[in-house]
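The values are calculated or read from the model by the stated rules, or taken from the named source; none is laboratory data. Since this is a predicted model, take the numbers as computed values, not measurements. Every residue, glycine as well, gets a Cβ built from its backbone with ideal geometry; the counts of neighbours run over all protein chains shown.
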Amino acid sequence: MESFQEQRRKRFIMITAALPCAKPDNAGGRYVKWVSEAASKSDDVFIIAPDGPAAQRALKSGGVPRYQLLGRSAGRMASSWDRALTRLLSMVAPSLPPWRFVISLLRDRQVLEAIRHADVIDLQWEEYGALIPMLRRFNPEALVVCTFHDVLSQRYGRASQGATSHVARMRWAWAASTARRLERSIVRAADKVVLLSQKDADLLPAGTAEVRVVTPPLAAGMEHVDRSTPVLGEILFVGFLARWENEEGLLWFLADVWPRIKAAAPEARFRIAGLGVRSTTVEAARLSDVELLGFVDDLEPFYERASVVVVPVRLGAGVKFKVVDALMAGVPLVTTTVGAEGIGDPSWFTGMHDDAQAFADAVLHILQEQGKADHRSAEVREKALRVYGWEQFTDALCHVYGPLLLEGISKQKGSL
């Protein structure tokens, strides 16, 4: 039987799209940070991730565990063959990890040696679950866990339904089909599969893998948000705008919802926080006379000021961390049915609407009845804190990775 010290030194390999770092700039980065910090207290953690702009931002943030970056894109210096292959693979195999990353992994002796001796191989994001058969050949004994940050078949299926052209609709339908095949493969090949809501767990086909739901500890850092003096008329959006579903939802809000709010409440002010803003959003924000804040290191002051948070996402899948963050902060929230799914129940939301006029009316009602809305949101906050707290998270991680991880959880303040 292994001694306690031997158990504490198990080799934990995390293969992830995002490097865990001190100040993640997106929701997935926050989750991998929590898991890697927990694991690092009891195991030797080694992170394997694709190189690129996101990885370089993480390195600048600091706090990255031992890591190896693989498969950096050639960028503008890439050959026409390289660019053509990348485009082709993105169309025919959209649910796979970057091809440069996979090739580099197979060529890197240090990485392969680490995989061969790993006790746990932790795959973050569904795309990286495609590597399981290959990883099994290198190490058939390791515990293999795959975490679905969202379910790609649902994400791509919704994109197909919302596409405005036949070509785009067919492309996304093909992507959804390939994702469903990948999901069937993962639930047969992995030892354990992790999802962030029961709604997502119910989307997966039956398989041999043990399925676990882990509620992220989004209450961390929100315990001290002071909602005593919100600024009347201040509306806040928070989101990583490099994700097309966040951008699409924001553009819909600016085009169809914001003018209705502004017409009824000229004093209203709209502020947008988040990294990854593209030129289309910059121009839409300029025309709508709203404020782009960019990446915000500490969102607490903005949640304290906001009269209402809006999450107008209409596409995508998975748990929307920005929705839970607003609930944790006790801010009145208006979102869509997509934004609310997998989170609490409908009574948690001050407004939940997919129609532009109904969405605008819900925001205006909050601005007119701020005191009542704040009181209701404070009650919802207490319910949400019990669901998304650290105790639930650590208990779930214990069942996924082992009881020693319980020692590794230390409370920390989350940011966007």
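Mind checking which residues of the range 183-227 are hydroxyl-bearing (Ser, Thr, Tyr) and touching a residue at least 60 places away in the same chain (Cβ under 8 Å)? Give the steps one after another, and end with the answer.
Initial filter on the range 183-227 (hydroxyl-bearing (Ser, Thr, Tyr)): 185, 197, 208, 215.
Selection gives Ser197, Thr215.
Of the residues that sit in the range 233-256 and are over 20 Å from the mean Cα position of the chain (by Cα) and surrounded by 23 or more Cβ atoms within 10 Å (Cβ to Cβ), which one is farthest from Ala285 (Cα to Cα)?
Out of the qualifying residues, it is Ile235.
Scan the range 151-175 and report the pairs whose first residue is without any contact (Cβ under 8 Å) to a residue 60 or more places away in the chain and not assigned by TED's automatic domain parsing to the domain that holds Ala317 and whose second residue is part of a loop (DSSP other than H, G, I, E, B) and among the aliphatic types (A, V, I, L, M), with Cβ atoms within less than 6 Å and a gap of 6+ or a chain change.
Cβ pairs passing all conditions: Arg169/Ala163; Trp172/Ala163.
Got at least one residue in the range 229-236 being charged (D, E, K, R) and either touching a strand residue (DSSP E or B) at 6+ places or on another chain (Cβ under 8 Å) or part of a helix (DSSP H, G or I) (or both)?
Here is the first cut: in the range 229-236, the residues charged (D, E, K, R) are 234.
Now drop any that are not either touching a strand residue (DSSP E or B) at 6+ places or on another chain (Cβ under 8 Å) or part of a helix (DSSP H, G or I) (or both), which leaves 234.
Yes; the residues of the range 229-236 include at least one that is charged (D, E, K, R) and either touching a strand residue (DSSP E or B) at 6+ places or on another chain (Cβ under 8 Å) or part of a helix (DSSP H, G or I) (or both).
Can you go through Trp99, Trp125 and tell me which one is crowded, with 18+ Cβ neighbours inside 10 Å and either on the phi > 0 side of the Ramachandran plot or at pLDDT below 90 (or both)?
Values: Trp99 fails: crowded, with 18+ Cβ neighbours inside 10 Å.
Being crowded, with 18+ Cβ neighbours inside 10 Å and either on the phi > 0 side of the Ramachandran plot or at pLDDT below 90 (or both) holds for just one of Trp99, Trp125, which is Trp125.
Please work out if Val313 is out of contact with any Pro (no Cβ under 9 Å at 6 or more places or on another chain), surrounded by fewer than 24 Cβ atoms within 10 Å (Cβ to Cβ) and among the β-branched types (Val, Ile, Thr).
Details: out of contact with any Pro (no Cβ under 9 Å at 6 or more places or on another chain): yes; surrounded by fewer than 24 Cβ atoms within 10 Å (Cβ to Cβ): no; among the β-branched types (Val, Ile, Thr): yes.
No.
Among (1) under 17 Å from the mean Cα position of the chain (by Cα); (2) under 26 Å from Leu106 (Cα atoms), there is one condition Asp51 misses while meeting the rest; what is its number?
With (1) under 17 Å from the mean Cα position of the chain (by Cα); (2) under 26 Å from Leu106 (Cα atoms) applied to Asp51, the lone miss is (1).
Which is surrounded by fewer than 16 Cβ atoms within 10 Å (Cβ to Cβ), of a type in the set (A, V, I, L, M) and under 23 Å from Met222 (Cα atoms), of Ala329, Ala358, Ala378, Ala384? Walk me through it before giving the result.
Working: Ala329 fails: surrounded by fewer than 16 Cβ atoms within 10 Å (Cβ to Cβ); Ala358 fails: under 23 Å from Met222 (Cα atoms); Ala384 fails: surrounded by fewer than 16 Cβ atoms within 10 Å (Cβ to Cβ).
The conditions single out Ala378.
Identify the single condition in (1) polar (S, T, N, Q); (2) crowded, with 17+ Cβ neighbours inside 10 Å; (3) closer than 28 Å to Asp119 by Cα; (4) at pLDDT 80 or above that Asn26 does not satisfy, given that it satisfies every other one.
It is condition (3) that Asn26 fails.
Are any of the residues in the range 214-232 over 22 Å from the mean Cα position of the chain (by Cα), assigned by TED's automatic domain parsing to the domain that holds Arg136 and either under 21 Å from Asn26 (Cβ atoms) or acidic (Asp, Glu) (or both)?
no
Val145: in the same structural domain as Val45 (by TED's automatic domain parsing), closer than 30 Å to Leu299 by Cα and crowded, with 23+ Cβ neighbours inside 10 Å, yes or no? Full working, then the answer.
Details: in the same structural domain as Val45 (by TED's automatic domain parsing): yes; closer than 30 Å to Leu299 by Cα: no; crowded, with 23+ Cβ neighbours inside 10 Å: yes.
No.
With the structure loaded, tell me whether Lys372 is touching a Gly at 6+ places or on another chain (Cβ under 7 Å) and either hydroxyl-bearing (Ser, Thr, Tyr) or part of a helix (DSSP H, G or I) (or both) or whether it fails that test. It would help to see each step written out before you state the result.
On the way: touching a Gly at 6+ places or on another chain (Cβ under 7 Å): no; either hydroxyl-bearing (Ser, Thr, Tyr) or part of a helix (DSSP H, G or I) (or both): yes.
No; evaluated as a whole, the condition is false for this residue.
Pairs please, first residue from the range 117-128 and over 22 Å from Cys398 (Cβ atoms) and in contact (Cβ under 8 Å) with a residue 24 or more places away in the chain, second anywhere and crowded, with 24+ Cβ neighbours inside 10 Å and of a type in the set (Phe, Trp, Tyr), Cβ atoms under 6 Å, 6+ apart in sequence or on different chains.
Glu126/Phe148
Among the listed residues Arg269, Arg260, Arg305, Arg286, identify the single one that is assigned by TED's automatic domain parsing to the domain that holds Phe359, in contact with a Leu (Cβ under 9 Å, 6 or more places away or on another chain), under 25 Å from His375 (Cα atoms) and basic (Lys, Arg). Let's see the steps before the verdict.
Working: Arg269 fails: in contact with a Leu (Cβ under 9 Å, 6 or more places away or on another chain); Arg260 fails: under 25 Å from His375 (Cα atoms); Arg286 fails: under 25 Å from His375 (Cα atoms).
Unique residue meeting the criteria: Arg305.
Of all strands (runs of 3 or more DSSP E) completely enclosed by the range 258-358, which ones contain at least 2 residues that are within 22 Å of Ser377 (Cα to Cα)? Working first, answer last.
Working: elements: 269-273, 291-294, 308-311, 333-335.
Where strands (runs of 3 or more DSSP E) fall fully within the range 258-358 and carry at least 2 residues being within 22 Å of Ser377 (Cα to Cα), they are 269-273, 308-311, 333-335.
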